[in-house]
Amino acid sequence: MEEEKGSVCVSGGTGFLASWLIMKLLQHGYSVHTTIRPHPTPEHKRDVGFLTNLPEAKKKLKIYEADMNEPESFKPAIEGCIGVFHVATPVDFENKEPEQVVTKRAIDGTLGILKACLDSNTVKRVVYTSSASAVQFSGKPVDLMDENFWSDVDYIKSLENFSFGPYMISKTLTEKSALEFGQQHGLDVVTVIPSFINGPFICPKFPGSVHTSLAMILGEREQYGPLLNMSMVHTDDVARAHIFLFEYGEAKGRYICSSHTITIEEMSEFLSANYPELSIPTMESLGDIKGFRIPSLTSKKLLNSGFEFKYGLKDMFDGAIQSSKSKGYL
């Protein structure tokens, strides 16, 4: 364990990335305040044992209830913190609510959290977790994208399959709002843009990006579209990048965090070679898969800052398969 570095806040602590980030922050010597959504009823409390049982958690982890619909509810968790990792985001892939409602909640919640950071007088930097979907859907015919690209809301709305549309739009507009707020109010805001996060997980829920990454292993052909050209990054590398950018004095603006890109044909070959015991679709059977070949991403800005990726594709899939099996999803 490293020496005590002060307190930081992580929003959305029960989520896939946030829970892993909490574990890493505790390892790095930070005390952590995290927020979870209020329990549905006193009798139906969420199980947070996977957080409270983490090494150092008994001494250094405090859990607060907060809701993105009530941004002021985050104030107690942020009080006294030197940094905030805003990972929480409203997710509605079933489109039960209109896109405008989802986006407004995400923006209002984020701006409320940023205001609480300003009011705290202790927060030195906010690291906001964006998404590759805020970059890759610009409609521009390019193969490789960096931080200068922004997804285009009208283009997203024009896509045939709009089920992920509200999420993409809310992540794009919320990231823009967070950076603008930081510039206007002199608050140091840095954004991390992960591609599909694949690898081990400690949360009880099956993470959506891991689920999609394992679509071939699960035999879910309806999920194969995103695999046509998939950029990926290991869970631990994303968490480490968040901490690196919090601690890196020169950090400014947006940082793409993506270590590998693999086509659906390459994935079929890779999985067949590395997991011969699993039934993987052959390349011949994938010819009719329709979808949008998402442009690849470059992490050059992050790497030029001194960050190094530690994990390869085999690490990602080994970790994802092992965690999925241990939790009964495979």
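The values are calculated or read from the model by the stated rules, or taken from the named source; none is laboratory data. In this text, all values refer to a predicted model and were calculated from it rather than measured experimentally. Keep in mind that these areas ignore ligands, DNA and RNA; they rest on the heavy atoms of the full protein, side chains included. Shrake-Rupley method; radii C 1.70, N 1.55, O 1.52, S 1.80 Å.
With the cut-off at 1.5 for a/c, could you classify region 276-330 from its C-alpha gyration tensor as rounded, prolate or oblate? Oblate is the answer for region 276-330, as a/c is 1.5 or above yet b/c matches or exceeds a/b. Let a ≥ b ≥ c be the square roots of the eigenvalues of the Cα gyration tensor of region 133-210; is it rounded (a/c under 1.5), or, if not, prolate (a/b larger than b/c) or oblate? It comes out oblate by the Cα gyration axes. In this structure Arg105 has an accessible area near 50 Å², from a 1.4 Å probe over the protein heavy atoms. Using a probe of 1.4 angstrom and keeping all protein chains present, the accessible surface of the chain works out to 45 square angstrom per residue. Close amide H pairs (under 5 Å, H built 1.01 Å from N) link Thr263 with Met230, residues at least 5 positions away or on another chain. Converting phi to 3J(HN,Hα) with the Karplus coefficients 6.51, -1.76 and 1.60 and the offset θ = phi - 60°, region 279-293 yields 8, 9, x, 6, 4, 4, 7, 9, x, 9, 5, 9, x, 9, 6 Hz in sequence order, with x at every glycine or proline. The overall shape of region 101-143, judged from the alpha-carbon gyration tensor, is oblate: a/c is not under 1.5, and a/b is no greater than b/c.
Only helices enter the 222 nm calculation for the chain: every DSSP H run of n ≥ 4 contributes -39,500 (n - 2.57), and dividing by all residues gives -11000 deg cm²/dmol, rounded to 500.
Remark: region 238-245, residue by residue, has Karplus-estimated 3J(HN,Hα) of 5, 4, 4, 5, 4, 5, 4, 6 Hz, where x stands for each Gly or Pro and the curve is 6.51 cos²θ - 1.76 cosθ + 1.60 at θ = phi - 60°. Over 20 Å apart at the Cα level, from the set Lys45/Lys205; Lys59/Lys205; Lys176/Lys252; Lys60/Lys115; Lys24/Lys60, are Lys59/Lys205; Lys60/Lys115. Expressed as a whole percent, the accessible area of the chain that falls on carbon and sulfur atoms is 51 (1.4 Å probe). Entry note, the chain: relative contact order of 17 percent, from Cα contacts under 8 Å with a spacing of 6+ residues. Largest mean-square fluctuation among Ser170, Ser231, Ser209, in a Gaussian network model of the chain whose springs join Cα atoms under 10 Å apart, belongs to Ser209. Normalised Debye scattering of region 130-178 at q = 0.26 Å⁻¹ gives log10 I(q)/I(0) of -0.97, counting only Cα atoms as equal scatterers and leaving out solvent.
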